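Since the structure comes first, as structure tokens, the remarks are kept for the end.
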Amino acid sequence: MARARHVLVVEDERDLADLLAYNLRKAGYEVTLAHNGTRAVEASAKAGPDLILLDLMLPELPGTEVAKRVRTNPSTAHVPIIMLTARADEVDQIVGLTIGADDYVTKPFSMKILLARIDAVLRRAQEGPSRDAGLRLGAVEIDPSAHRVLVEGRPIHLTLTEFRLLAALFQAGGRVLSRVTLMTRAMGPGIAVTERTIDVHMTAIRKKLGAHGAMIRTVRGVGYRATMEPETAEV
Ligand code: CA
């Protein structure tokens with residue numbers, strides 16, 4: 001039998017934490033609970049979770065800071081994070097550069113939907129990026145087998161979702177991909193996210209690519225493409 005996947009649940013509302021643990025265990029997951037930010041950072045390193053379900057508003061350390069520490073510790077940097085947030089307008093912050101969550105769910109949520117999202121994120125993490133040989137565009141190189149992106153030869157850190165979006169754009173070889181296509185490639189089929197989520201991820205990718213971010217082009221009314229063609233060709 002396959003090893004049970006391990007989810008670290010970080011939630012300070014005890015009732016909700018217990019409810020989450022109950023449902024996750026019922027669905028076959030192993031669960032570790034942390035009720036504050038400090039404990040969450042400790043548990044992420046000690047428990048070796050496959051996924052972290054992270055509440056944004058936490059005592060001691062906010063969820064943003066927990067995510068940052070998880071991302072900067074090499075042993076946990078690649079653990080997918082799903083953020084729980086009470087407000088839809090926090091989403092920019094969550095998906096954005098500073099936090100690097102792979103997905104988010106707004107409260108109140110349906111347990112069924114949350115479990116589906118957890119399953120999807122874990123599946124993506126397991127499959128990893130496509131097994132294609134390295135892809136290069138200008139000074140940006142993707143090494144799918146090592147799950148690495150190099151800019152001018154130096155590695156940069158992308159979240160799993162960002163990595164898959166960038167890989168999809170590179171694999172498209174300059175063709176435009178619609179937001180719906182990008183969502184499917186990056187997040188798996190049937191995952192309901194708003195188109196704006198894709199835009200927020202793309203903004204984060206551009207920032208991380210620095211001077212090379214301009215290769216990610218928004219094609220108005222259609223979607224995105226990655227190209228080295230001069231910007232003027234975009235009309
Ligand atoms: Ca909270």
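Potential lengthening of the chain between L19 and I156 amounts to 45.6 nm, from the contour at 0.36 nm per residue minus the alpha-carbon distance.
For the chain, the longest principal axis of the C-alpha atoms and the axis of helix 63-72 are separated by about 60°. Taking packing as the residue-averaged number of other Cβ atoms within 10 angstrom, the listed peptides 76-84, 205-213 run from highest to lowest as 76-84, 205-213. Between A211 and Q126, the contour length at 0.36 nm per residue exceeds the Cα-Cα span by 27.5 nm. Relative to the longest principal axis of the Cα atoms of the chain, helix 111-127 runs at roughly 50 degrees. In this simple spin-label model, placing a label point 7 Å from the Cα along the Cα-to-Cβ direction at both E195 and A86 gives a separation of 3.2 nm. The phi torsions of segment 14-28, fed into the Karplus equation with coefficients 6.51, -1.76 and 1.60 and a -60° offset, translate into couplings of 4, 4, 5, 4, 5, 5, 5, 4, 4, 5, 5, 5, 4, 7, x Hz, rounded to whole numbers, with Gly and Pro shown as x. For K107, list the lysines whose Cα falls under 25 Å from its own Cα; do not include residues on the same chain fewer than 8 positions away. The reachable lysines, counting only those whose Cα sits under 25 Å from K107, are K26, K68. Mind sorting I142, I156 by how few other Cβ atoms lie within 10 Å of their own Cβ, fewest first? With the fewest neighbours first, I142, I156 line up as I156, I142. Here's the picture: charge each Lys and Arg Cβ at +1 and each Asp and Glu Cβ at -1 in segment 143-192, and of P144, A167, V180 the one pushed furthest to the positive end of that dipole is V180. Using only the alpha-carbon atoms, how far is helix 160-171 inclined from the longest principal axis of the chain? Give it as 0 to 90 degrees, nearest 10. Compared with the principal axis, the helix lies near 20 degrees.
Across the chain, Cα-Cα pairs farther apart than 27 Å form 33% of the total.
Throughout, read-outs are computed from the coordinates displayed, never taken from laboratory work. What you see is a predicted model; the values in this text were computed from it and never measured. Here the Cβ is made from the backbone with ideal geometry for all residues, glycine too, and neighbour counts use every protein chain on show.
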